[in-house]
Amino acid sequence: VQLQASGGGLVEAGGSLRLSCAASVRAFSMYTMAWFRQAPGKERELVSGVSWSGGRTYYSDSVKGRFTVSRDNAKNTVYLQMNSLKPEDTGVYYCAAERILSSVLTNSNAYSYWGQGTLVTVSS
């Protein structure tokens, strides 16, 4: 399983970015997907996730109402639309995948596959 994250960049506070994570995997629809981020000097944290069917989503309190996660199983891709970005959203964003038919897994140790990360920098 290979995950390729893209879409990061430099944006001013209040701006938007859309991250994409393309998966090279068979049966992508059987994978629960998640986005984690790691800010400088901080631990990796779960930002958002979507269940294998797309029917269940998860958002951390810090991004709820601003970020939207979605998936297109026909394209083997998961997205993270990030609006109203804040400087504290700065960090490296990683997509993660686990082959499991369940709700979003909130523990990073539960994910077997990780992308390389894409850097998001929000300037004030």
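The values are calculated or read from the model by the stated rules, or taken from the named source; none is laboratory data. Because the structure is predicted, anything quoted here is derived from the model rather than measured. Virtual Cβ from ideal backbone geometry, glycine too; neighbours counted across all protein chains shown. The area values use the complete protein model at the heavy-atom level, side chains included, leaving out ligands, DNA and RNA. Shrake-Rupley method; radii C 1.70, N 1.55, O 1.52, S 1.80 Å.
Computed values, structure above
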| read-out | value |
| --- | --- |
| The chain: relative contact order as a whole-number percent, Cα under 8 Å and 6+ apart | 37 |
| Table column - 3J(HN,Hα) (Hz), the range 83-99, Karplus curve with 6.51, -1.76, 1.60, x for Gly and Pro | 10, 6, 5, 10, x, 6, 7, 4, x, 8, 9, 10, 9, 9, 9, 9, 7 |
| Hull-based mean projected area of the range 1-74, where the convex hull spans the alpha carbons, in square nanometres | 5.8 |
| Cα gyration tensor of the chain - equivalent ellipsoid semi-axes, whole Å, descending | 23, 14, 13 |
| The chain: most fluctuating residue of 63, 50, 25 per GNM, C-alpha cutoff 10 Å | 25 |
| Among 78, 47, 92: highest mean-square fluctuation, GNM of the chain, C-alpha pairs under 10 Å | 92 |
| For the range 36-102: rounded, prolate or oblate by the Cα gyration tensor [a/c cutoff 1.5] | prolate |
| Average accessible surface area per residue within the chain, 1.4 Å rolling probe, Å² | 50 |
| Sulfur and carbon atoms: percent of accessible area, the range 73-115 [1.4 Å] | 44 |
| The range 1-105: trypsin sites (Lys or Arg not before Pro) in DSSP coil with no more than 14 other Cβ atoms inside 10 Å | 26, 42, 56, 64, 75 |
| Reciprocal of mean inverse Cα separation for the range 82-124 (Kirkwood radius, Å) | 12.2 |
